[in-house]
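Below is one structure; the comments refer to it alone.
The values are calculated or read from the model by the stated rules, or taken from the named source; none is laboratory data. Not measured: the values here are computed from a predicted model. Glycine gets a Cβ as well: all are built from the backbone with ideal geometry, and neighbour counts include every protein chain shown. To get the accessible areas, we keep the full protein, side chains included, count just its heavy atoms, and leave off ligands, DNA and RNA. Shrake-Rupley method; radii C 1.70, N 1.55, O 1.52, S 1.80 Å.
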Amino acid sequence: MLAACHLPQREPVLISVVEKVQHPLGTDCVAFADCTTQEIELTAPDFLPRNGRDGDVFTRIPTAEMFESLIAHELTHLLVHQSHPDRVNEINQEYMAYAMQLQSLAPETRMLFLDRIEVADPQDTSRINLFFMNTAPSLFAAHAWAHFSAPANGCAHFKRILDGEASFQSWTY
């Protein structure tokens, strides 16, 4: 799936499954890719947050699919870095990673996710920015997927990003 979107694997990648992942900045997270060491740390499926009552749509995804989607997300970061280490900014990387994460889900699971988040216009990219990515990752992911899945986008848009012909705004509020 990633190679088809212009992201071939060029170096070996080490994936470690652990009880708890800590981001280098000190916060807990469910997964992390270290582009300097080509390593991914993932929270073991038994320890993934599963409380759907907190409003996070990601917690409604079946555990096995969530785990696999996290691999797709983090692997996207590493493969972007392997191909274009200095060209792709953070917001473009996150767009690509969330698009691949949702792409990796079964269609019915993806709909379970998307049915809970309203995306009016797939060409509206105003919510594909660092503010939404940091404050409302589910909303950001839904908008990234809507844009990615629109006609003429998908892997072709990935190529435009990788070639420096397209970019999302990297501003924050």
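Remark: pairs (first residue in segment 31-52, over 15 Å from H73 (Cβ atoms) and among the charged types (D, E, K, R); second residue open to solvent by 10 Å² or more (accessible area, probe 1.4 Å) and not in a strand (DSSP E or B); Cβ separation under 7 Å; 6+ apart in sequence or on different chains) = R50/T59; R50/T63.
Taking the criterion of being of a type outside the set (S, T, Y) and open to solvent by 20 Å² or more (accessible area, probe 1.4 Å), the residues of segment 59-73 that qualify are R60, P62, A64, E65, F67, E68, I71.
If you check L102 against the conditions, is it closer than 13 Å to S138 by Cβ, outside any loop (DSSP other than H, G, I, E, B), open to solvent by 40 Å² or more (accessible area, probe 1.4 Å) and out of contact with any strand residue (DSSP E or B) (no Cβ under 9 Å at 6 or more places or on another chain)?
no
Based on this model, can you work out whether I117 counts as in a helix (DSSP H, G or I) and either among the β-branched types (V, I, T) or surrounded by 14 or more Cβ atoms within 10 Å (Cβ to Cβ) (or both)? Reasoning before the result, please.
Values: in a helix (DSSP H, G or I): no; either among the β-branched types (V, I, T) or surrounded by 14 or more Cβ atoms within 10 Å (Cβ to Cβ) (or both): yes.
Considered against the rule, which asks whether it is in a helix (DSSP H, G or I) and either among the β-branched types (V, I, T) or surrounded by 14 or more Cβ atoms within 10 Å (Cβ to Cβ) (or both), I117 comes out as no.
Residues of segment 16-30 that are surrounded by fewer than 17 Cβ atoms within 10 Å (Cβ to Cβ), β-branched (V, I, T) and touching a residue at least 12 places away in the same chain (Cβ under 8 Å): V17, V18.
Among residues of segment 88-108 that are within 17 Å of A3 (Cβ to Cβ), those with a Cβ under 7 angstrom from a residue that is surrounded by fewer than 22 Cβ atoms within 10 Å (Cβ to Cβ) and of a type in the set (D, E), sequence gap 6+ or separate chain, pair up as S104/E68. Here H147 does not fit the description of being farther than 24 Å from E65 by Cβ and modelled with pLDDT of 90 or more. Segment 1-88 holds strands (runs of 3 or more DSSP E) entirely within its bounds, and those carrying 1 or more residues that are modelled with pLDDT of 95 or more and under 20 Å from A141 (Cβ atoms) map to 31-34, 39-43.
Annotation: of all residues in segment 150-173 being of a type in the set (A, V, I, L, M) and open to solvent by 30 Å² or more (accessible area, probe 1.4 Å), the one that is modelled with the highest pLDDT is A156.
For segment 129-141, check the following and say yes or no: at least one residue is in a loop (DSSP other than H, G, I, E, B), farther than 30 Å from V18 by Cβ and open to solvent by 20 Å² or more (accessible area, probe 1.4 Å). Let's see the steps before the verdict.
Narrowing segment 129-141 to residues in a loop (DSSP other than H, G, I, E, B): 129, 136.
Now drop any that are not farther than 30 Å from V18 by Cβ, which leaves 129.
Checking the rest, the ones that are also open to solvent by 20 Å² or more (accessible area, probe 1.4 Å) come to none.
No, there is no match, as no residue in segment 129-141 is in a loop (DSSP other than H, G, I, E, B), farther than 30 Å from V18 by Cβ and open to solvent by 20 Å² or more (accessible area, probe 1.4 Å).
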